[in-house]
Amino acid sequence: MQKLQPFHLAIPVKEITTTRAFYRDILELEEGRSSNHWVDFNFFGHQLVIHIAPEAIMAQSNDVDSKSVPVPHFGVVLTLEQFKTFSERLIQKGIEFIIEPYTRFEGQAGEQSTMFFKDPSGNALEFKAFRKMDSLFEK
């Protein structure tokens, strides 16, 4: 797999204080530049920016593997070892999961461990890890 360029993602949040603490203290992301209405974070080597925009948050869902997956959502593909460590840390911190960590598409192309949860502003996050990383786009 080729080396990926960092992406930039700006998301709406209801307010800064609680959401900033979630990304900094719960997810343990390094904080970068900020103002009184936005904050940059190092999101696993990518730039995530939270912006106050409470009216922008919307939620829907689609069924995937018999689970109701929130849309929109975002996250990072981790290694299986990183996924295990990260999910255990979130469980210890009392994260309320939308979909608890589990393996989907077991024995099929694209077998992956996945978990979903929301930030304090209602933004859905998914973290996943593929059994075989080169199956990320496999049909």
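The values are calculated or read from the model by the stated rules, or taken from the named source; none is laboratory data. Not measured: the values here are computed from a predicted model. Note that each Cβ is placed from the backbone with ideal geometry, even for glycine, and that neighbours are counted across all protein chains shown. The protein model used for the area step is the full one, side chains on, heavy atoms only, and it has no ligands, DNA or RNA in it. Shrake-Rupley method; radii C 1.70, N 1.55, O 1.52, S 1.80 Å.
With a sphere of radius 13 Å drawn around the Cβ of His73, what net charge do the other residues whose Cβ falls strictly inside it have (Lys, Arg +1; Asp, Glu -1)? All intermediate terms of the calculation are to be shown ahead of the outcome.
Details: positive: Lys67, Lys118, Lys128; negative: Asp119, Glu126.
Here the charged neighbours net out to +1.
Over its Cα atoms, what ratio of radius of gyration to 2.2 N^0.38 Å does the chain give?
1.07
At 0.36 nm per residue, and after removing the present C-alpha to C-alpha distance, how many nm does the segment from Glu81 to Asp63 gain when stretched out fully? Numbers along the way, then the final one.
Details: separation 18, 0.36 × 18 = 6.48 nm, distance 2.69 nm.
Fully extending the segment from Glu81 to Asp63 adds 3.8 nm.
From the C-alpha coordinates alone, can you work out the Kirkwood hydrodynamic radius of segment 30-107, in Å? Before the final figure, lay out each step's value.
Working: mean 1/r = 0.0654 Å⁻¹.
Averaging 1/r across every pair of different Cα atoms and inverting gives 15.3 Å.
Find the eigenvalues of the gyration tensor of the Cα atoms of segment 70-128, then list the square roots of 5 times those eigenvalues as equivalent ellipsoid semi-axes, largest first, in whole angstrom.
Gyration-tensor ellipsoid for segment 70-128: 19, 14, 9 Å.
Please arrange His8, His73 by accessible surface area, largest first, computed with a 1.4 Å probe and ligands excluded. All intermediate terms of the calculation are to be shown ahead of the outcome.
On the way: His8 115, His73 70 Å².
Final ranking, largest accessible area leading: His8, His73.
Give me the extension gain from Ala53 to Phe137: residue separation times 0.36 nm, minus the current Cα-Cα distance, reported in nm with one decimal. List each step's numbers first, then the result.
Values: separation 84, 0.36 × 84 = 30.24 nm, distance 3.29 nm.
Answer, rounded to one decimal: 26.9 nm.
Two decimals is fine: what is log10 I(q)/I(0) at q = 0.18, 0.23, 0.26, 0.31 Å⁻¹ for segment 25-74, from a Debye sum with one equal scatterer on every Cα and no solvent?
Rounded to two decimals, the profile gives -0.77, -0.94, -0.99, -1.09.
Which aspartates and glutamates have a Cα less than 16 Å from the Cα of Lys139, not counting those fewer than 8 places away in the same chain?
Leaving aside aspartates and glutamates fewer than 8 places away in the same chain, those within reach of Lys139 are Asp65, Glu106, Glu111.
Of Thr79, Ile26, Ala124, whose Cα points farthest to the positive end of the dipole of the chain (charges on the beta-carbon: +1 Lys, Arg; -1 Asp, Glu; origin at the Cα centre)?
Thr79
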